[in-house]
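Working notes, beginning with the structure itself.
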Amino acid sequence: MAVVANQHRSHTVIDESTTPVTVFTGFLGAGKTTAILNILKRVNPEYNIVLLKNEFGDAETDSALVRESHVQVTEMTNGCLCCVLVGQMKRALEEMKEKFHPDRIIIETSGSAFPAPIAWQIREMESSGFHLDAILTVIDCVNFCGYEDTSYTARLQAQYTDLILLNKWENISERQLDLVVDHVNDLNTDTPKVKINADTGVDPEVIFGLDTNLFSLAERESTASEVSRSHHSQEIDLIEVVRKWSGDPAQLISSADFIDLLKHLPSEDVYRVKGLVRLSDAVADEADTPAATPPAPDASASGLLYIVNHAFGRYTFTPLTVNAHQHEGVLARLTVMGNGLRMYLPKVQKAIEASDDEISCHWAH
């Protein structure tokens with residue numbers, strides 16, 4: 001099957017029996033998971049897509065959100081696919097193919113991942129029945145002009161991609177959007193840019209079947225020097241909270257107190273807060289809530305377990321229903337990501353009432 005992705009690409013013959021792999025990259029909080037979920041809604045239900053997710057920490061928050069949509073997902077945590085977990089991805093893909101027989105695999109990388117090592121692994125697996133279809137980069141239009149200046153990885157993600165998906169553009173003015181596009185064009189003029197609709201995502205026909213020519217094995221040596229030049233230095237601070245629940249209702253955190261914590265974490269420093277939290281009462285659907293929150297069942301002595309997703313000042317609470325029994329002993333399991341988080345550690349620790357033993361910190365270097 002000959003495919004021409006754009007005028008700069010040559011014809012490539014692809015074995016239709018191989019499984020196409022689409023890779024999503026994007027900085028922390030760019031909205032990769034939401035974009036993927038919205039795309040999946042537009043795919044024919046008979047077209048079997050499975051998702052391989054790479055997450056910071058061990059909260060597996062976004063994976064829980066995906067499972068709420070009844071999509072098959074495999075997660076790889078506590079490391080980055082492009083370095084720490086570089087050898088494990090091959091095994092994960094082979095297991096997914098054998099178990100789920102997918103028509104397509106989507107890989108969602110962590111916010112710090114550079115796609116080249118991931119692409120090379122997939123290229124090496126062509127004889128095993130896989131082919132790299134496309135590398136897509138999701139950009140948060142609200143915050144890109146801030147983190148693009150400080151994150152070397154964010155710049156690389158925007159440079160090495162087949163398609164740039166402009167997310168959250170509805171939340172800024174036309175003038176601000178023009179500035180974002182100008183910044184992106186400074187990094188990558190030739191790559192197409194497509195707006196993502198907040199409710200419906202982007203047409204799968206736009207992103208599937210691109211047949212990328214990026215990161216060929218022949219170019220591996222020259223590109224590898226770009227990767228090693230500054231990757232993988234840790235660009236962000238990471239605070240992880242794991243607090244167990246004894247079953248005592250007095251331990252439960254009120255929704256008002258937890259939301260107050262989120263509202264007082266400045267978006268310029270705190271990029272993400274995600275994980276699970278058990279609250280004593282349901283989260284109110286406030287008129288000024290920054291992001292939609294699904295209705296929750298009535299609280300009981302066991303509290304309500306929520307998936308928390310906070311990104312650059314916007315947050316959602318999703319009641320955990322799928323496999324909730326697996327988290328009966330969880331009071332809070334949260335990952336906080338950003339810059340200069342040392343000053344916010346006491347505030348987070350106090351709000352969760354976590355001991356020093358229940359918190360681990362990894363500072364940028």
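Nothing in this text is a laboratory measurement; each read-out follows from the coordinates by a stated rule. This structure is a prediction, so every number in the text was calculated from the model and none was measured. Neighbour counts run over all protein chains shown; Cβ positions are idealised from the backbone, glycine included.
Segment Asp199..Val43, full-extension length gain: 54.7 nm, with 0.36 nm per residue of separation and the alpha-carbon distance subtracted. Proximity of backbone amide H atoms, modeled 1.01 Å from N, is registered between Ser112 and no other residue at under 5 Å, excluding neighbours fewer than 5 places apart on the same chain. Pop the C-beta distance of Asn171 and His325 into the FRET formula with R0 = 35 Å and round what comes out to the nearest 0.05. Step by step, r from the Cβ atoms, then E = 0.40. One compactness figure for segment 237-362 is 0.99, namely its Cα radius of gyration divided by 2.2 N^0.38 Å. Of the peptides 349-361, 268-280, 132-144, 93-105, the ranking by mean beta-carbon count within 10 Å, highest at the top, reads 132-144, 268-280, 93-105, 349-361.
Between Gln349 and Ser267, the simple label model (points 7 Å from Cα in the Cβ direction) yields a spacing of 2.9 nm. Peptides 119-128, 32-41, 243-252 ranked from most to least packed by the mean count of surrounding Cβ atoms within 10 Å: 32-41, 119-128, 243-252.
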